[in-house]
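K.L.:
Mind having a look at this structure? Questions to follow.
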Amino acid sequence: MKRIAIFASGGGSNARKIIEHFEENSEIDVALIVTNKRNAGVLNHAREFDIPILIIDRNFFYNSEEILQILKNEQIDLIVLAGFLWLIPSYLIQNYLDKIINIHPSLLPKYGGKGMYGINVHKAVKENHENESGITIHFVNENFDEGNHIFQASINLDENDSPEEIAKKVLTLEHKHFPLVIEKLLCE
């Protein structure tokens, strides 16, 4: 059995799609939800599907390595960042080398880096009159959005699309592809 920990800071729509995708899978299990926000929407999904929850703060995450022991105790094989906005510390990356992945709502290397998340990305895409956007699923390293790419998918944009409309189009790609890429990674 392969075990996934999902790290999320927000509503958790990608986390929910991942949970639903693996709910009946006998070989892959979403074993833990980690969040840095006590009121994050992802917690509702964790409770609904009876998945253990870990709520962390900056001191715990950056100034101790306790989370590493928790992940090892839970026998986590893959860490999935699904809207988790903190930079992952080196000790975690070193212990889970090529076992931490992230989804980003643009075709990296465009529109990546610190502060480029959520609607900020889609506003930048709109302001630059891009005719396409998409998603990048990548391995995580010590820098925001600079890890090796695993998968990209694009979608055409209309010049009249608002940042919110771009966000909806990109989210459709996220929901469609993220669980499948995770499954492929874990079954290789």
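K.L.:
Specify the residue that is nearest to the chain's Cα centre (by Cα); the eligible residues are those in segment 128-178 that are part of a strand (DSSP E or B) and of a type in the set (Val, Ile, Thr).
P.N.:
The selected residue is ILE137.
K.L.:
Among the residues of segment 143-188, which ones are acidic (Asp, Glu) and either over 15 Å from ILE101 (Cβ atoms) or surrounded by 14 or more Cβ atoms within 10 Å (Cβ to Cβ) (or both)?
P.N.:
ASP145, GLU146, ASP158, GLU159, ASP161, GLU164, GLU165, GLU174, GLU183
Yes/no per residue for (1) of a type outside the set (D, E, K, R); (2) in contact (Cβ under 8 Å) with a residue 24 or more places away in the chain:
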| position | (1), (2) |
| --- | --- |
| LEU71 | yes, yes |
| GLU74 | no, yes |
| LEU92 | yes, yes |
| LEU97 | yes, no |
| LYS110 | no, no |
| GLY113 | yes, yes |
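The numbers here are math on the coordinates, done by the rules we state, and not lab data. Being a predicted model, the structure only gives us computed values, none of them experimental. Backbone-built Cβ (ideal geometry, glycine too); neighbour counts: all protein chains shown.
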